[in-house]
1. Just a yes or no: is a residue in the stretch 143-159 at pLDDT 95 or above, in contact with a Cys (Cβ under 6 Å, 6 or more places away or on another chain) and surrounded by 13 or more Cβ atoms within 10 Å (Cβ to Cβ)?
2. In the list N122, N136, which residue meets the criterion of being assigned to a helix (DSSP H, G or I), polar (S, T, N, Q) and within 16 Å of V44 (Cβ to Cβ)?
3. Among the residues of the stretch 143-167, which ones are in contact (Cβ under 8 Å) with a residue 12 or more places away in the chain and more than 15 Å from A68 (Cβ to Cβ)?
4. Inside the stretch 45-81, can you point out the residues that are within 12 Å of the chain's Cα centre (by Cα) and among the β-branched types (V, I, T)?
5. Please give the number of the condition L102 fails out of (1) closer than 30 Å to E166 by Cβ; (2) more than 21 Å from the chain's Cα centre (by Cα).
6. S7 - would you say it is small (G, A, S), loosely packed, with under 15 Cβ neighbours inside 10 Å and part of a loop (DSSP other than H, G, I, E, B)?
7. Within the stretch 20-43, track down each residue that is part of a helix (DSSP H, G or I) and farther than 16 Å from A71 by Cα.
8. Checking G75 against (1) at pLDDT below 95; (2) in a helix (DSSP H, G or I); (3) not hydrophobic (A, V, I, L, M, F, W, C): exactly one of these is not met. Which one?
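The values are calculated or read from the model by the stated rules, or taken from the named source; none is laboratory data. Values in this document were obtained by computation on a predicted structure and should not be read as measured data. Glycine gets a Cβ as well: all are built from the backbone with ideal geometry, and neighbour counts include every protein chain shown.
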Amino acid sequence: MCRKINSVLCYFCERDALVKLKLLRLYCSDFYGSVRWDLSHSYVEDVCIAWRRGLRHAWGLSPRTHFALIAPLCGLLQLKVELACRCAGFIAKCLPSVNHTLRFIATQRVYSQRMRSPIGRNAQYCADLFDVSICNIAAITKWMAWIRAEAQLSNTDYDMLRVISELLCVQHHHMNLDTFSMADVADMIETLCIT
């Protein structure tokens, strides 16, 4: 994945930030097989870090930018939440499967041998992340994740994200702001992103 992100960012380095973000979403966010990853394992956090770095580089943000700001500035969910939604959807489809073998294995792993199998640990991880019962894992959707993400933002956080977003648009020439120089705009973005 790091190679794909670096390739997109290097090949399209002269392109606009919004174009780079769209390309990252299209070509680097497939995460094939992620529904079988053990979401509680540390390598998942490494993937999330690489993804955030790519998004941060696309906008040209400081390396010290608070990680919680990066995904919302790009109009995305945090990657761990996105992966949990995908995993929960996969598990929710396996549990009532018409294939008896698949249904039996999924049911055993999720309900009986939870912590001894990746699918069971993922079910528990998703249930804990979204604060739902493991029996209600089918309720976990991207829509639910967006509602929770927005609810967790305070008015101050939301206002700060809007200001940073508008300043980024000014910095990348999508908006005009004659009051401040580009150096002033860059300083404001840096200050807001690291505080």
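1. yes
2. Only one candidate qualifies: N122.
3. Once the filter is applied, which keeps residues that are in contact (Cβ under 8 Å) with a residue 12 or more places away in the chain and more than 15 Å from A68 (Cβ to Cβ), the stretch 143-167 yields M144, W146, V163, L167.
4. Result: V47, I49, I70, V81.
5. If we test L102 against (1) closer than 30 Å to E166 by Cβ; (2) more than 21 Å from the chain's Cα centre (by Cα), just (1) comes out false.
6. When the stated conditions are applied, S7 does not pass them.
7. Y27, S34, V35, R36, S42, Y43 - these are the residues of the stretch 20-43 that are part of a helix (DSSP H, G or I) and farther than 16 Å from A71 by Cα.
8. (2)
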